[in-house]
Structure formats: structure tokens, C-alpha cells
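Novice: Quick one: the structure is below, questions incoming.
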Amino acid sequence: MTVLNTERLTIRPIQANDLVDIFNYSSTPNVGPNAGWKPHESKEETLEIMKEIFLDKETVWGIELKETSRIIGSIGLIDDPKRQYDVVRMIGYAIGEHYWGKGFMTEAAQKVIQYGFEELKLLAISAYCFPNNERSKRIITKLNFEYEGTLKMAEKIFNGKVFNHDCYLLTAHKYNRF
């Protein structure tokens with residue numbers, strides 16, 4: 001399993017013993033809803049989600065803050081349900097509210113994108129966010145993704161509301177120019 005390092009972060013496979021850290025950021029009121037999922041209500045719920053989404057996944061990682069050795073978020077390059085093409089992956093991420101605005105997610109995403117293009121030899125990486133998720137949009141644009149447009153009525157979330165997706169793409173060609 002691949003481990004990636006930045007100045008402040010270790011981006012590593014998530015393990016079952018990361019449960020408490022993942023529950024801590026996933027149970028807060030603002031992290032999940034920005035990505036379309038409800039805040040976790042119990043550690044048991046978090047464990048089930050970890051088994052389904054995080055554990056034993058080759059390109060899904062926990063974001064560990066080197067200073068504390070705690071998992072503060074997650075990031076992954078996963079199959080893009082909107083693009084049926086095996087050399088394109090979608091980047092997805094979440095980070096605890098306490099760590100918002102400190103550059104951690106941009107730092108982690110830069111490293112994961114580098115891995116995607118240089119090691120996995122991807123031709124493109126996509127990113128999607130709700131139009132009102134300004135924090136995520138800032139990260140995406142800092143990383144040189146190009147805005148492709150808005151997909152209307154793209155996702156029905158946990159509370160029954162339907163949201164659009166702002167769609168972005170970073171090609172290997174554009175990545176290699178920077």
C-alpha cells in the first residue's frame with residue numbers, strides 16, 4: 001500500500017484503528033453535508049462506512065497530521081461515475097472543520113494528484129462539488145482544475161435535497177505544463 005509524504009502530512013492507508021479519528025471529524029455538523037453525506041451518529045456507523053469506502057482500497061488514504069499522528073481527513077482517487085474511462089479518476093476528500101483554512105487539504109491533494117499522474121499514469125483527474133461549497137472550489141481552482149460546467153440535479157443527498165454539481169477536470173497535459 002502506498003504512503004505519500006508532504007512537509008506536514010503523511011497520506012497513508014486507513015486502518016481499522018483510525019476509527020476514533022475518523023468518527024471525530026465525520027460526526028461534526030458541517031463536514032459531511034458539504035459532500036452530501038450526513039454526519040455520523042455513532043462509531044459503529046463510522047466503522048461500517050470505513051469498511052465499505054476506506055479499508056483495503058489501493059488509492060484511498062487517511063490524512064495524518066505529522067505533528068500529532070492523528071487522522072484529520074481522508075482523500076482518494078476513485079472511479080468517476082460520470083466518466084467511463086479507466087485512465088480518469090475522480091478526486092474526493094474530507095477534512096475536519098478544525099483544520100479548514102490551513103492549507104492541509106491543498107497540500108494533500110497536490111501530492112495525491114502528483115501520484116495520480118506520475119505513478120498511475122492517469123490522463124485526467126476530475127473533481128466535483130456543490131455550487132455552494134466555496135472552500136472546496138477554492139482548493140480545486142488552486143490546483144489548476146478547469147471548470148467544465150454545472151451538471152443540474154446531479155445528486156440527491158441524505159436529507160432528500162437535490163443539488164447540482166460544479167464539474168472540474170485537470171488533464172495530464174495541463175498538469176505537466178505547471
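The values are calculated or read from the model by the stated rules, or taken from the named source; none is laboratory data. None of the values given here were measured: they were computed from a predicted structure. Because the Cβ atoms are built from the backbone with ideal geometry, glycine has one as well, and the counts that use them run over all protein chains shown.
Novice: Out of the residues in the stretch 100-109 meeting the condition of being out of contact with any Phe, Trp or Tyr (no Cβ under 8 Å at 6 or more places or on another chain) and not in a loop (DSSP other than H, G, I, E, B), tell me which one is surrounded by the most Cβ atoms within 10 Å (Cβ to Cβ).
Specialist: Per the criteria, the residue is Phe104.
Novice: Turning to a different aspect of this structure: Condition (residue is surrounded by fewer than 18 Cβ atoms within 10 Å (Cβ to Cβ) and touching a Pro at 6+ places or on another chain (Cβ under 9 Å)) applied to the stretch 140-151: is it met by at least one residue?
Specialist: yes
Novice: Further question on the same structure: Tell me which residues, restricted to the stretch 17-48, are among the basic types (Lys, Arg) and not in a helix (DSSP H, G or I).
Specialist: Lys38
Novice: Condition first: assigned to a loop (DSSP other than H, G, I, E, B) and in contact (Cβ under 8 Å) with a residue 60 or more places away in the chain. Now tell me which residues in the stretch 129-150 satisfy that.
Specialist: Phe130, Asn133
Novice: Inspect all residues belonging to the stretch 72-84 and state whether any of them is within 23 Å of Leu19 (Cβ to Cβ), in contact (Cβ under 8 Å) with a residue 40 or more places away in the chain and not hydrophobic (A, V, I, L, M, F, W, C).
Specialist: Yes - at least one qualifying residue is present in the stretch 72-84.
Novice: Right, here's the next one. Return a yes/no flag: does the stretch 117-128 have any residue that is in a helix (DSSP H, G or I), surrounded by fewer than 16 Cβ atoms within 10 Å (Cβ to Cβ) and over 11 Å from the mean Cα position of the chain (by Cα).
Specialist: Scanning the stretch 117-128, I find at least one residue that is in a helix (DSSP H, G or I), surrounded by fewer than 16 Cβ atoms within 10 Å (Cβ to Cβ) and over 11 Å from the mean Cα position of the chain (by Cα), so the answer is yes.
Novice: Out of the residues in the stretch 84-95 meeting the condition of being at pLDDT 95 or above and over 12 Å from the mean Cα position of the chain (by Cα), tell me which one is farthest from Ser27 (Cα to Cα).
Specialist: Going through the stretch 84-95, the residues at pLDDT 95 or above turn out to be 87-95.
This time we only want the ones that are over 12 Å from the mean Cα position of the chain (by Cα), so: 87-88.
On the way: Val87: 33, Val88: 31 Å.
Once the filter is applied, the top-ranked residue is Val87.
Novice: Out of the stretch 60-99, which residues are assigned to a helix (DSSP H, G or I) and of a type in the set (D, E, K, R)?
Specialist: Glu97
Novice: So, one more: Just to be sure I understand, how many residues within the stretch 55-95 are β-branched (Val, Ile, Thr), surrounded by 18 or more Cβ atoms within 10 Å (Cβ to Cβ) and farther than 22 Å from Lys38 by Cα?
Specialist: 2
Novice: Right, next: Ser27 - would you say it is free of Cβ contacts under 8 Å to residues at least 60 places away in the same chain, closer than 28 Å to Asn164 by Cβ and over 14 Å from the mean Cα position of the chain (by Cα)?
Specialist: yes
Novice: Just need a number here: residues in the stretch 151-178 that are within 17 Å of Pro131 (Cβ to Cβ), out of contact with any Ser or Thr (no Cβ under 8 Å at 6 or more places or on another chain), without any contact (Cβ under 8 Å) to a residue 60 or more places away in the chain and in a strand (DSSP E or B).
Specialist: The total comes to 5.
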